[in-house]
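Asker: One structure follows; several queries about it will come next.
The values are calculated or read from the model by the stated rules, or taken from the named source; none is laboratory data. These numbers come from a predicted model, not from an experiment. Quick reminder, even Gly has a Cβ in these numbers, built from the backbone with ideal geometry, and neighbours come from all protein chains shown.
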Amino acid sequence: MVLPALREWMEKTFGASLNHKTTSRASLNVSDAPPAIVNEGFIQDVKAIGISFSQDVEDRVFRAHGHCLHEMFALREGMFKRIPDVVVWPSCHDDVVRIVDLACKHNVCIIPFGGGTSVSSALECPEDEKRTIVSLDTSQMNRILWIDEKNLTAHVEAGITGQDLEKQLAESGYCTGHEPDSMEFSTLGGWVATRASGMKKNIYGNIEDLVVHLKVVTPQGIVEKSCQGPRMSTGPDIYHFIMGSEGTLGVVTEVTIKIRPVPEYQKYGSVVFPNFERGVACLREVARQRCAPASIRLMDNAQFQFGHALKPQVASIFTSFLDGLKKFYITKFKGFDPNQLCVATLLFEGDREKVLQHEKQVYDIAAKFGGLAAGEDNGQRGYMLTFVIAYLRDLGMDYYLIGESFETSVPWDRVLDLCRNVKERIVRECKERGVQFPPLSTCRVTQTYDAGACVYFYFAFNYRGISDPVHVYEEIEFAAREEILANGGSLSHHHGVGKLRKQWLKDSISHVGIGMLRSVKDYIDPNNIFGNRNLL
Amino acid sequence: MRVVVLIYLWLIFAPLPLQLREFRSKKREVFEDVLEERRQSSDLRYAMKCFSPVIYRSLVPCKPSMLKAMVLESDQLQYVIKQISLESGEPLDAIQEQATEILDEMGQNLNLAAIRMFALTLSKIFKRLFQKVCVNEEGIQRLAQAIQEHPVVLLPSHRSYIDFLMMSYILYTYDLALPVIAAGMDFMGMKIVGELLRMSGAFFMRRTFRGNKLYWGVFAEYVKTMLRNGYAPVEFFVEGQRSRTCKTLTPKFGLLSVVMEPFFKGEVFDTYLVPVSISYERILEETLYAYELLGVPKPKESTSGLIKARKILNDDFGSIHIFFGKPMSLRSLASGRLNRSQYNLIPRHLSHRPSEEMQKFISDVAYKVELQQIANMVLSPGVLIAAILLQNFPSLDFSVLVDKTVWLKDLTEAFGGCLEWPDNMSSSKVVKASIELHSNILKLADGEVILFENKPNDPLTEEVVFAQAVTLLMCASYRNQLVNTYVRPALVVLACKMALSSSRGDVSRTFCFLRNLFSKEFIFFPGLKKRILKKEVSCCQNVI
């Protein structure tokens, strides 16, 4: 794919230039890695039970990080201070039980590892951990154990990636419908451990709505319920201790998850609004009428322009002429200001007839807010943007551009204020810290709920002339998070807390709340075997 | 005794660095006389000039009538209306009607044609009344920048009705967005003039509306709507009313908390508070104030009264100095002090009684604003002369007066006061010119400067006593302008005299006691933080 407009956009937005390039290392320098702390007894016992493992440096470094900016940077030009000492690959639930037993016996630390797509520093090894750190990689536990068509559930091993899960279910005509942006790599177990959210949650629900049954191996034994009743009143739901526990309590090994027949028909769509305010008002109305399509997202103007830069090379003169006509119609005839307008992308799913009906309903609401239908292509490209953005970040790094995204959830009445203030805060903090070019500071509303929305921020800047860009970046992200909290946003909608956002957790859930989590942790894992030190 | 005092001062404050020079030079910003150009070019052309002011960058342009509609439809006001209807049993429509009436009574009607008319007449009037109207240009530039960035609140000192006319006049002159001004209801009663003021951006508030929920609701929402939209800079007086004694009045918090709320709630990214100091060499209302202080009721504001007052046009009121202080970013002031997430759990249309922490913050900001106003006031020679004569009345030898004035001038400057003292004139000429300007209270005869004649043989009739009292009070008002410069050193010296022992602890304790005792009389930053105390008295130490 050729993206002809990308270069111009990068130059215009960041003052980036293709002449200024940084190069990343071609391969890892093995001698830079910190020496392994080896617990021979543990290794011997693992060998004895025949579970595959590795002490190879590359295997260990690979599992020492997620996808935070500072981790990417460390990979490119530095090294982590602490990495796992050994990687183990259990192949089934029982293997995990044995490994956890051995870990307790030898007092080593386990960090479960799924797809490695964490963006909360959750996979980072605590620097001062003196015990052997075992990275428990679930990637070999990736089978669908059974499909129950009567109850529409599937029992799946937790190490399966999103992509594989959907592919394999599709063979039987089913899907889970859970599609986080990271689904190429992220795993079912990882979704449970972080309280993940999928793009199409409006139809299928978030992970907490999808899970029917869990099997979790902890140092105290196995946590699971004895039946698969669809709802229970049996005290606080113990699965809610697990969902969002971020690997601090145990390893999720098997999950029973709801499945649905693969939808007959899928249709993308998009709507152009004269400005962001109108767009948000429309989304709010859609949520009020509870008629949100599978996915509805609203990009602000800056992101719309970014999306435009990602437009592939046009096939013919005719299509480019059509594009011109469309642009003319919207900006000249309809009077939309190209520097104000914003776009909502839509995805409808279901029966063909119902989809078309649904589509009309949504477009009618949009029209009330000045929205104009803008075609399927724009919609589809909007969703593509989501998946390419992580790759684009790697590309940007080659040209002194660093960036990151972060998210929050916020009540409807504060959406506009929060978006404006956070974006402004980012711009201002950049200026104060000597960033020479104005940063990209953009947001979009990615999910709608009855009582609020999920908002995503993208933020990138050109770091030429700054000696410690990662530090500057972290300070700015810190400030942005403070701004989010001051404006009534949550600490996280679905990325989780990890170690990156730990410092705010107490203010978010009260000290008693922290104490409740603490006491669960103390009971389940008194020796801190699951010692990644997330959350608490 | 003096020596002892000095030693204690030195003992207490010796560790502080000598910052005097910096303190002095800081004030030497360049003033520009806006009347100078008026005297040379056509007022009409000036009034008709192309006016394309600097405005807030994310302003959505709207008319005063649209603004009113927004206020009436706002969730906040609708909620208040519903509440009142529920409590009183009156139908919603009736209350909505009342709200509309209140808003119509209150609302400004900013109109460029009226502004141009004001520009024309005010040019004529100001040129006759004043020798100079001096504005610090740097302040104007800072303000222009601030207006573009975030909503701005202008907070001038209040000594005269001229204050807000002058503010709008200056903003018009420098092509800045014209402010909407919270004015007292008194003006609205004036025929024609009231409407004219409205068209120049004044909106009117009742003096008291405690307990009137609807009025408060409409008023607060009106101010907040204008601020949120960046419609225009909002202007009001922290002191609440004109100070009759030239002493800065303790601040009022109501309106200030209203303009801060949009920031607290995150409805705006930031708000700039701009303290403005307006210093008059001679105040228009000086005699009226003296009468008021003696118990003669304030004449009601009326158009006929205004016309009658036109005789003052033949009088000379010297020069005015207007200092636009540094815009104070509310965000910076609040950073690290306030946790704005306290608003997270309450729906936004509910009014939220400020927490104790919040109230303390608002009060601190109010005092900060007033202290800034005070710091940027410009003192005229007349102030010094009045202070000296009050200690030497009824009369003083002219050459002695000149010597003492020069001495006081040096002392005042050493204490950080900012003086307007022409460098190119001899001291005696400066003093003479000042006496001439204040010829209504001062006379120079036979080499004697006379505050009031006191012939021993004359009977002390009521008129004589009254006249003397008026003169004395006017004089005292001028002297009062010095108070802010000297109040801290004075309290230190007093503390040294009063303290039980000469130990450092005793003296500072007495100082704190006195500062507390006079906290309603003079403007001190609330609380007794060590850092602030040290700063406050550092100037005394420097001088001594």
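Asker: Please verify whether the range A:124-141 includes one or more residues that are of a type in the set (Lys, Arg) and either out of contact with any helix residue (DSSP H, G or I) (no Cβ under 6 Å at 6 or more places or on another chain) or in a strand (DSSP E or B) (or both).
Answerer: Yes, the range A:124-141 contains a residue that is of a type in the set (Lys, Arg) and either out of contact with any helix residue (DSSP H, G or I) (no Cβ under 6 Å at 6 or more places or on another chain) or in a strand (DSSP E or B) (or both).
Asker: Which of the residues spanning the range B:189-208 are in contact with a Gly (Cβ under 9 Å, 6 or more places away or on another chain) and more than 17 Å from B:Asn111 (Cα to Cα)?
Answerer: Once the filter is applied, which keeps residues that are in contact with a Gly (Cβ under 9 Å, 6 or more places away or on another chain) and more than 17 Å from B:Asn111 (Cα to Cα), the range B:189-208 yields B:Met190, B:Met205, B:Arg206, B:Arg207.
Asker: Something else: In this structure, does A:Met79 turn out to be over 15 Å from A:Gly116 (Cβ atoms) and either surrounded by fewer than 21 Cβ atoms within 10 Å (Cβ to Cβ) or among the hydroxyl-bearing types (Ser, Thr, Tyr) (or both)?
Answerer: So A:Met79 passes the test.
Asker: Any residue in the range B:476-495 that is closer than 12 Å to B:Phe522 by Cβ sitting within a Cβ distance under 7 Å of a residue that is of a type in the set (Lys, Arg) and crowded, with 20+ Cβ neighbours inside 10 Å? List the pairs, counting only those 6 or more apart or interchain.
Answerer: B:Leu491/B:Arg515
Here is a yes/no grid of residues against (1) modelled with pLDDT under 90; (2) within 30 Å of B:Asp315 (Cβ to Cβ); (3) of a type in the set (Val, Ile, Thr); (4) out of contact with any strand residue (DSSP E or B) (no Cβ under 7 Å at 6 or more places or on another chain):
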position	(1), (2), (3), (4)
B:Lys63	yes, no, no, yes
B:Ala69	no, no, no, yes
B:Leu72	no, no, no, yes
B:Tyr79	no, no, no, yes
B:Ser85	no, no, no, yes
B:Leu92	no, no, no, yes
B:Gln98	no, no, no, yes
B:Asn111	yes, no, no, yes
B:Gly139	no, yes, no, no
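Asker: Looking at the range A:264-274, is at least one residue at pLDDT 95 or above, in a loop (DSSP other than H, G, I, E, B) and over 26 Å from A:Cys125 (Cβ atoms)?
Answerer: no
Asker: In the range B:51-69, what residues are touching an Asp or Glu at 6+ places or on another chain (Cβ under 9 Å) and either farther than 13 Å from B:Leu112 by Cβ or surrounded by 12 or more Cβ atoms within 10 Å (Cβ to Cβ) (or both)?
Answerer: B:Phe51, B:Pro53, B:Val54, B:Tyr56, B:Arg57, B:Lys68
Asker: Within the bounds of the range B:271-281, is there any residue that is more than 14 Å from every other protein chain (Cβ to nearest Cβ), in a loop (DSSP other than H, G, I, E, B) and either touching a residue at least 40 places away in the same chain (Cβ under 8 Å) or of a type in the set (A, V, I, L, M) (or both)?
Answerer: Taking every residue of the range B:271-281 in turn, at least one turns out to be more than 14 Å from every other protein chain (Cβ to nearest Cβ), in a loop (DSSP other than H, G, I, E, B) and either touching a residue at least 40 places away in the same chain (Cβ under 8 Å) or of a type in the set (A, V, I, L, M) (or both).
Asker: So, one more: Could you identify the single residue in B:Lys252, B:Lys224 that is at pLDDT below 95 and surrounded by fewer than 20 Cβ atoms within 10 Å (Cβ to Cβ)?
Answerer: Residue meeting the stated conditions: B:Lys252.
Asker: Give just the number: which of (1) in contact with a Leu (Cβ under 7 Å, 6 or more places away or on another chain); (2) buried (at least 18 other Cβ atoms within 10 Å of the Cβ) does A:Lys334 not satisfy?
Answerer: Unmet condition: (2).
Asker: Also, I was wondering about something else. Could you check the range A:457-505 and list, in sequence order, the residues that are within 14 Å of chain B (Cβ to nearest Cβ), among the polar types (S, T, N, Q) and buried (at least 22 other Cβ atoms within 10 Å of the Cβ)?
Answerer: Listed by number, the list holds a single entry, A:Asn487.
Asker: Still on this structure: Out of B:Thr510, B:Thr471, B:Thr485, I need the residue that is in contact with a helix residue (DSSP H, G or I) (Cβ under 9 Å, 6 or more places away or on another chain), surrounded by 15 or more Cβ atoms within 10 Å (Cβ to Cβ) and more than 30 Å from B:Ala433 (Cβ to Cβ). Which one?
Answerer: Answer to the check: B:Thr510.
Asker: Here is a follow-up. Out of the residues in the range A:109-145 that are crowded, with 24+ Cβ neighbours inside 10 Å and of a type in the set (A, V, I, L, M), state the one that is farthest from A:Leu165 (Cα to Cα).
Answerer: Selected residue: A:Ile133.
Asker: Could you tell me how many of the residues in the range B:72-86 are without any contact (Cβ under 8 Å) to a residue 24 or more places away in the chain and under 16 Å from B:Ile102 (Cα atoms)?
Answerer: 1
Asker: So which residues in the range B:354-369 are part of a loop (DSSP other than H, G, I, E, B) and either within 14 Å of chain A (Cβ to nearest Cβ) or polar (S, T, N, Q) (or both), if there are any at all?
Answerer: B:Ser355
Asker: Would you please name the residue that is nearest to B:Gly266 (Cα to Cα), looking only at residues in the range A:466-511 that are of a type in the set (Lys, Arg) and not in a loop (DSSP other than H, G, I, E, B)?
Answerer: Only one residue tops the list, namely A:Arg481.
Asker: Name every residue in the range A:375-416 that is within 14 Å of chain B (Cβ to nearest Cβ), buried (at least 21 other Cβ atoms within 10 Å of the Cβ) and assigned to a helix (DSSP H, G or I), in order of residue number.
Answerer: Scanning the range A:375-416 gives A:Arg414, A:Val415.
Asker: When you check B:Asp186 against the structure, is it outside any strand (DSSP E or B), touching a residue at least 12 places away in the same chain (Cβ under 8 Å) and surrounded by fewer than 19 Cβ atoms within 10 Å (Cβ to Cβ), yes or no?
Answerer: yes
Asker: Let me ask something else about it. So which helices (runs of 4 or more DSSP H) stay within the range A:151-240 end to end and still have 2 or more residues that are within 20 Å of A:Pro263 (Cβ to Cβ) and in contact (Cβ under 8 Å) with a residue 60 or more places away in the chain?
Answerer: In the range A:151-240, A:162-171, A:201-204 are the helices (runs of 4 or more DSSP H) which contain 2 or more residues that are within 20 Å of A:Pro263 (Cβ to Cβ) and in contact (Cβ under 8 Å) with a residue 60 or more places away in the chain.
Asker: Against the conditions (1) aromatic (Phe, Trp, Tyr); (2) farther than 22 Å from A:Gly498 by Cα; (3) not in a helix (DSSP H, G or I), where does A:Phe42 fall short? Just the number, please.
Answerer: The number of the failed condition is (3).
Asker: Still on this structure: Check A:Asn275 against each of (1) within 26 Å of A:Leu169 (Cβ to Cβ); (2) among the polar types (S, T, N, Q); (3) surrounded by fewer than 23 Cβ atoms within 10 Å (Cβ to Cβ) and name the one condition it does not meet.
Answerer: (1)
Asker: Being among the small types (Gly, Ala, Ser) and either closer than 24 Å to B:Ser243 by Cβ or under 32 Å from the mean Cα position of the chain (by Cα) (or both) is the requirement here; does B:Ala445 meet it?
Answerer: No.
Asker: Follow-up question, since we're still on this one. Filter the range B:319-353 for residues that are surrounded by 18 or more Cβ atoms within 10 Å (Cβ to Cβ), more than 11 Å from chain A (Cβ to nearest Cβ), touching a Phe, Trp or Tyr at 6+ places or on another chain (Cβ under 8 Å) and part of a loop (DSSP other than H, G, I, E, B) and give the result.
Answerer: B:Pro327
Asker: Quick test of your reading of the structure: B:Gly211 fulfils all but one of (1) buried (at least 23 other Cβ atoms within 10 Å of the Cβ); (2) more than 23 Å from the chain's Cα centre (by Cα); (3) not aliphatic (A, V, I, L, M). Name the failing condition by number.
Answerer: Only one criterion is unmet by B:Gly211, namely (1).
Rundown of residues vs (1) farther than 28 Å from B:Arg331 by Cα; (2) modelled with pLDDT under 95, yes/no style:
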| residue | (1), (2) |
| --- | --- |
| A:His493 | no, no |
| A:Val520 | yes, no |
| A:Asn528 | yes, no |
| A:Leu536 | yes, yes |
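Asker: Let me ask something else about it. Given the criteria over 30 Å from B:Thr471 (Cβ atoms) and not aromatic (Phe, Trp, Tyr), does B:Gly336 qualify?
Answerer: Criteria met by B:Gly336.
Asker: On to the next question. How many residues are surrounded by fewer than 18 Cβ atoms within 10 Å (Cβ to Cβ) and not in a loop (DSSP other than H, G, I, E, B) when one looks only at the range B:85-106?
Answerer: Here the count works out to 14.
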